Structure formats: structure tokens, C-alpha cells
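Below is one structure; the comments refer to it alone.
A short reminder: the numbers here are calculations on the coordinates, not readings from a lab. Predicted, not measured: the structure shown is a model, and the values here were computed from it. Here the Cβ positions follow ideal geometry from the backbone for every residue, glycine too, while neighbour counts run over all protein chains shown.
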Amino acid sequence: MYGWRGRVGSIAATPSDIFCYEFYKIVPPGITIMQTTLSIHFMTADELAKGFAALEETALALAREGADVIVLGAAPTLYDRGPGADKTVAERISKITQVPTVSNQTAMMDGLRVFGCEKVLIVSPFNEENNAKLKKYLEGSGFAVVGAVGMGYTANADINRISQEEAYRFIKKSIQNFRHAEGVIVPCANWPTSLIAPQVERDLGIPVITSNLAKIWAVLRILEVKDPISGYGRLLQEKLS
């Protein structure tokens, strides 16, 4: 068995290679990922609702396959359910599966909190509607959102084709336009940003919390794996133990 230190069950919105690729670039040896999806291809209310309805059965499948921890992606399925849904849903899944469970929405917000960030900037691949929902969710969770900038995408297949160069330039320029932000949240596990976000952090001196970096950080803490991880941002380098 390759996952002798921990097997991570991941529930993603849509079939994608982005999180798996970034996961194996970053995590220490002995930790593996089993990823399944909710088949959300477009970020519409109907598809998000259908994906949310499939969450429990999908999580049970991962538990049956021996996941040691489950991480819930597809954070936009939570936005309309109000602040706190990230924790209540994860608690329900954990109770049903008997497997420790964390939502990537919780992980991203906790990642901001460990740096003491209250004034946050959203930089996403989403359209204005989904950014507005995330803004409302963050504000209801105690953050002051100083801005929300998106690339305007709704199709997940388009998001995972965005180049790292384009993502880097977009994120950096967005932060430069909101210098008063204390931290940056970069949602969407399907957006290839986790390998370039640390460079933005170094360039501009501000915590940049991507969905996938936050998920990796959260599951490593649950698994109590504390190998030092450098080169992939301050969250994993400074806040893992």
C-alpha cells in the first residue's frame, strides 16, 4: 500500500487533474489521494444543487475504500446555505462515514485566520455572481472583504486550462489594486494556482491562500504529518505544526 502514512479521500466538483497533480508535487512520501467527483461541469445553481445532493453517498464510497480523512471540495455548493455550512456539512459527513472530514472552505478560512487576516481580497476564476456569493459567505464568517475580482468563468473545463502565467499575472495585478488587503483567498481547486501562489507571496509580502494549498494543509494537520514543506507558501512552511 502506498498510502502507509495516510489515504486522503477527496471530493471534487468535476473530473480534473489539477488537485491530484499539485497534491503529489507537495505532500511528503507515504500519503496518497483517492479522488472522486460530484460531476459539476458548470457553476450554475442547478448543477451545484445536484452536486450537493450527491455529497453523502460520494463520501460513503470513499470511506468504504479506506480513506483516513475526507476533504470536501466544491465549496460553491455551500455558499447559498449560509455561513457555518462548511462546518456543519463536514460534521455530518464525518458522523455518517466515521472518517474525519474537513471542507476546503473551512481550510481556506482557517488559513487566513492563522495569519490574523481580517481584511481579505477574493481573487477567483469565477463570474461576478459566484464571487458575490463567496463575498457574502466570508463576511458572514467574520471577514471584511475589501474586494472580489474574477476572471468570469462558469465552465470548469475552461478553468483548468488557464495557464500558470495568466493566473500569476491576474492574481498579482489584482492584489496590487487592493494594497490594503491583509490576505488573499484564491478559491477553486480546478484553477492551477498553488504552484505560482507562493511566488506571488514572495513578490508582494502577503499571505495567498489557494483552495488546494489549504486542503493539503488541513489534511496533513488531521493526519498529524509534520514534515517540513518549503517552497509551497507560508501556510505549509510556517503553520503546519
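Remarks
- Computed extension gain for ARG202 through LYS50, at 0.36 nm per residue and net of the alpha carbon distance, reaches 50.8 nm.
- Local electrostatic count at GLU166 - Lys and Arg +1, Asp and Glu -1, tallied over other residues with Cβ under 14 Å: +2
- When peptides 125-138, 88-101 are sorted by average Cβ neighbour count within 10 Å, with the highest value leading, the order is 125-138, 88-101.
- Signed unit charges on C-beta, dipole axis of the chain, positive-most listed residue THR106, ALA167, TYR21: THR106
- Long-range amide H partners of GLY150 with built H, under 5 Å: SER124
- Tensor-based shape of segment 12-138 (alpha-carbon gyration tensor, a/c under 1.5 rounded, otherwise prolate or oblate): rounded
- Size of electric dipole in the chain: Cβ of Lys, Arg +1 and of Asp, Glu -1, about Cα centre, debye, nearest 20: 420
- Cα-based Kirkwood hydrodynamic radius, segment 107-210, one decimal, Å: 13.5
- Put a plus charge on the Cβ of each Lys and Arg, a minus charge on the Cβ of each Asp and Glu, and nothing anywhere else: the dipole of segment 107-210 about its Cα centre is then about 120 debye.
- When both bridge partners sit in the chain, DSSP labels roughly 5% of those beta bridges antiparallel.
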